[in-house]
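Values quoted throughout were computed directly from the atomic coordinates according to the rules given, and no laboratory measurement underlies them. All values derive from a computational prediction rather than experimental measurement. Because the Cβ atoms are built from the backbone with ideal geometry, glycine has one as well, and the counts that use them run over all protein chains shown.
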Amino acid sequence: MKVGLIAGSGDFPLYIARENPKAFIMCIEGFSDSKYFKNSSKTVSLLNPDTWIKTLNENEVTHIVFAGKIKRPNNFGMSQDTKAYGMISEILSVGDNKALILIENFFKKNGFKILPIYSVFKNCFFSKGFYGDNFSKLNFKQYVKKSSKFGIDLLNTISKYDVGQSLVVSNNLVYAIEGLEGTNSMISRVKDLISNNKNFNDFGPVLIKIPKIGQSKNMDLPVIGLETVKKCINAGLSSIVISSNGTLVVDYKEIKSFISKSQFCVMSV
């Protein structure tokens, strides 16, 4: 078995590459670059599917892992690959989950097996429970649990519309639902709202980040890292709620250490 990592933007692909030095890295142009990886690697265009397959076959890849953010192309007309006009045009017309299924099926039809990230990345889930709760008020956990139940019910309800994987709530008040901008930009948007909408317990809102119902576990699972935690604290949030088997955790040890010294909580459900 030879693993190939299809790398988008962010630090997550770098973490996986370091843990899997024998893996081949196929970087997507404009989102990642082979010069940042010590592994054998090559950068390819997002708009040339034929090149994807040729590159993976030349490097004897049999199994594929996806990591990192890749935005939909906006220069589709520049593609010189005839296959792109069929597949990529279809991707542009559907939601994120359906787009990922199309990509997954494309690679499967070309003889590759798709691996979930957790099969090649250790310590990437928080088991169920509260982490880093240093609040002295006894009703803080009840507040997080109540906000969590409301937020998860809402995310599960809108899953059928293939909307984002995260939102920010406080009790039954919705601050924001993730759109195309991504989680970090949503948190920045929420920061301006928090000062005018403190809840009665004076706890900050809760970020909830979980997979959509029916989402493939092989591609684009929600991810949090130390940067996410710090951004939440800076914005005035009090906690993050994640899935114990569906939200990937980068900087696992660093997050546990950091929140143990902060007035911030991570709840895994």
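Here are the numbers for this structure:
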quantity: With at most 16 neighbouring Cβ atoms within 10 Å, loop GluC sites (Glu not before Pro) (DSSP) excluded, longest segment of the chain; calculated: 61-180
quantity: Lys230 versus Glu19: modelled label distance in nm, points set 7 Å from Cα along the beta carbon direction; calculated: 2.1
quantity: Fraction of beta bridges assigned by DSSP in the chain that are antiparallel (%, nearest 5); calculated: 30
quantity: Two-decimal Rg to Rh for the chain - Kirkwood Rh, Cα set; calculated: 1.00
quantity: Length gained when the stretch Lys69-Asn172 is fully extended (0.36 nm per residue, less Cα-Cα span); calculated: 34.0 nm
quantity: Helix axis angle, 183-194 relative to the chain longest principal axis, alpha carbon, degrees; calculated: 20
quantity: Pairs beyond 25 Å (Cα-Cα), from Lys146/Lys256; Lys2/Lys253; Lys98/Lys128; calculated: Lys2/Lys253; Lys98/Lys128
quantity: CD proxy at 222 nm, helix term only [per DSSP H run n ≥ 4: -39500 (n - 2.57); per residue of the chain; nearest 500]; calculated: -10500 deg cm²/dmol
quantity: Calculated FRET efficiency for the pair Lys35/Lys128, C-beta based, R₀ 30 Å, to 0.05; calculated: 0.15
quantity: Stretch gain in nm, segment Lys149-Lys2, where the contour uses 0.36 nm per residue and the Cα spacing is subtracted; calculated: 48.8 nm
quantity: Dipole magnitude (debye, nearest 20) for the chain, charges at Cβ of Lys, Arg, Asp, Glu; calculated: 680
quantity: Projected area, mean over directions - the stretch 129-268, Cα convex hull, nm²; calculated: 7.8
quantity: Extension gain, Asn110 back to Asp11 (0.36 nm per residue minus Cα-Cα distance, nm); calculated: 32.8 nm
